[in-house]
Amino acid sequence: MSDTSEVKVVPIVRTYDIICFGDEVPGVLALVCAAREYQRQTNQFPRTLLLLKGNSKLGIGGHLVRGGLSYLDRSTVAPAIRQSRNLDTFGDPPAIYKEFLKRAGVAQIALDPIKADAALRDMLREVNADILSNIEIKSVLKQGQKITGIELTKDETYLGKQFIDCTVNAELAQAAGVKKLKGFETFGLPDSELAVTLVFETQGLSIERLKNVELQYLKRFTNTSDSEAQKWVNSAAGGDSARADQFRKDLVDAKGNLKTMFVGKDYIDVRSKALSIAYHAFRGTALSLESSGAILDNGNVAILSGGRLSWNAQLYKVSATQAEALARASAKPTMEMLQEMLFVRKWFESIGASQVKPAPELYIRHAGNIIGAVEPLTGSKMLAGGVPENEALGTFGYHFDIRGGINGLDTRALEKGFNNLEFLNPPLFNIGIRHTLIKDVPNLAVISPASGFVGYASSAGRIVEFNCGVGQGVGIAAGIAIAQGQNLAEISNTQVRTILAQTGRLPQIYGTSNVALASQLSNFENQMIA
């Protein structure tokens, strides 16, 4: 007679030196840098593991790969500084980021997700990293303040010495007991969050055709005697005549020229809302995130091979609670979002696309910020030039980008007496790692838009290029920590900088301090949080 008693499942326990939770590009590159640094110091690779909630069969590389965000936001450096320092268009990027872009075949801005996935897999393979996807955290094991391991829902436990969390919502950190502020709670707006994007690719729509379609719309929308076109403008304005006037005004530049799209080497910047107006007139909804919940915004378009255009344009309004829930659900778009994409597809097909394909995952810009960083980073500190030059690991420049807006920010600012935010100049600041390190969990770093940012800092600090520079530093710090039996939180910027200099990877440092504007922004950030 056969034994029908239950077979006991033996839990799997594996031990690693460094575990990265999430596969956003800054985290993957941090893991690679950690392994390389440890190998440089000890002549052997550490045991490294990449754990991700998403499906690795759809690609490794988070929102740049499965989220299809092919249009890379690059560092912004003023021409005068570039000239005086003999810098390239995007300044002097982090060495690991330059390597990644080269391996992925990026000319300037357009990153093909397929090539990005291949490049990251190669880099991970070279350092003997293991990869495990489709996972869920059951619990985090701790000894005192330190994380010792991650227990998964499928009876597997992965022990480690140092941990990196690169998820947009700091999910590992939260599971380890780190407190996180919701939405823009650092502005006193816990329910407000940046819009999320479902990136889509078009095929069959040539650049020439697209330029021509936009030009015709621009001509018609600015021609007030074209009654049919004016109906479309009014429709997109939700019947608000003042808004319709503003739309028309914004279709031309200061010199009175039509704001036609700018076509670069491998990208297109859509400078006007002509295409958006036409789409919303077709859709029958207002071009307003607030009232419609979804808009086709000005497109950041990456030009890919085979006639593919990748569009970062379709925005969806979300609350802070929704952004957190979406992040926890592997960034999968909701049914409503996919329904809206059917209209996007229909419209793009009407102007010449043969195919319109949304990415398998959303691009979630921000989902709150952890508190308790060793050195929190404010927007005002960015405007003041970032970390001191003698401990800087690189320099990054970007505007305080709150695409889609932060609901309630203007009203709250007015209540606090701020009716002019002209101090929000784009910062050019020196970078360090201390805003990613956690005081109360000393062997954990959070490298993502959820790092220890305060106020406006997360709007510039959420950009991938910046976080790759930070990730390079955290990786080196993790390599030092395991080689010397220390914790991440004990490693200084200066120690990392010394290694970057020794190994010929320290870039030029050119952060600029704007003391007056930084002081005004500091006042604003302090008032807003009160």
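The values are calculated or read from the model by the stated rules, or taken from the named source; none is laboratory data. In this text, all values refer to a predicted model and were calculated from it rather than measured experimentally. All Cβ positions, glycine included, derive from the backbone under ideal geometry; neighbour counts span all protein chains shown.
The table below lists the values:
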| quantity | calculated |
| --- | --- |
| All positions within region 148-177 that are closer than 26 Å to R462 by Cα and part of a loop (DSSP other than H, G, I, E, B) | C166, T167, V168, N169, A170, A176, G177 |
| Failed item, numbered, when K265 is tested on (1) part of a helix (DSSP H, G or I); (2) farther than 19 Å from E214 by Cβ | (1) |
| Qualifying residues in region 153-183 (those that are out of contact with any helix residue (DSSP H, G or I) (no Cβ under 6 Å at 6 or more places or on another chain) and more than 30 Å from L194 (Cα to Cα)) - the one surrounded by the fewest Cβ atoms within 10 Å (Cβ to Cβ) | T153 |
| Residue in region 330-347 that is assigned to a strand (DSSP E or B) and surrounded by fewer than 18 Cβ atoms within 10 Å (Cβ to Cβ) present | no |
| Number of positions in region 112-167 that are among the aromatic types (F, W, Y) and under 18 Å from L488 (Cα atoms) | 1 |
| Top-ranked residue in region 455-473 [being polar (S, T, N, Q) and closer than 13 Å to L393 by Cα; ranked as farthest from the chain's Cα centre (by Cα)] | Q472 |
| Qualifying residue in region 187-201 (condition: part of a helix (DSSP H, G or I) and at pLDDT below 95) | yes |
| Odd one out for I109 among (1) surrounded by fewer than 18 Cβ atoms within 10 Å (Cβ to Cβ); (2) within 21 Å of L309 (Cα to Cα) | (1) |
| Filter result for V25 (β-branched (V, I, T) and under 22 Å from A460 (Cα atoms)) | yes |
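Results for (1) within 30 Å of T197 (Cβ to Cβ); (2) in contact with a Ser or Thr (Cβ under 7 Å, 6 or more places away or on another chain), shown as yes or no for each residue.
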residue: N43; (1), (2): no, no
residue: N55; (1), (2): yes, yes
residue: G67; (1), (2): yes, no
residue: P79; (1), (2): yes, no
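Conditions tested, residue by residue: (1) surrounded by fewer than 18 Cβ atoms within 10 Å (Cβ to Cβ); (2) basic (K, R); (3) in a loop (DSSP other than H, G, I, E, B).
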residue: G352; (1), (2), (3): yes, no, yes
residue: V356; (1), (2), (3): no, no, no
residue: S380; (1), (2), (3): no, no, no
residue: L393; (1), (2), (3): no, no, yes
residue: G405; (1), (2), (3): yes, no, yes
residue: T411; (1), (2), (3): yes, no, no
residue: G417; (1), (2), (3): yes, no, yes
residue: N420; (1), (2), (3): yes, no, yes
residue: F423; (1), (2), (3): no, no, yes
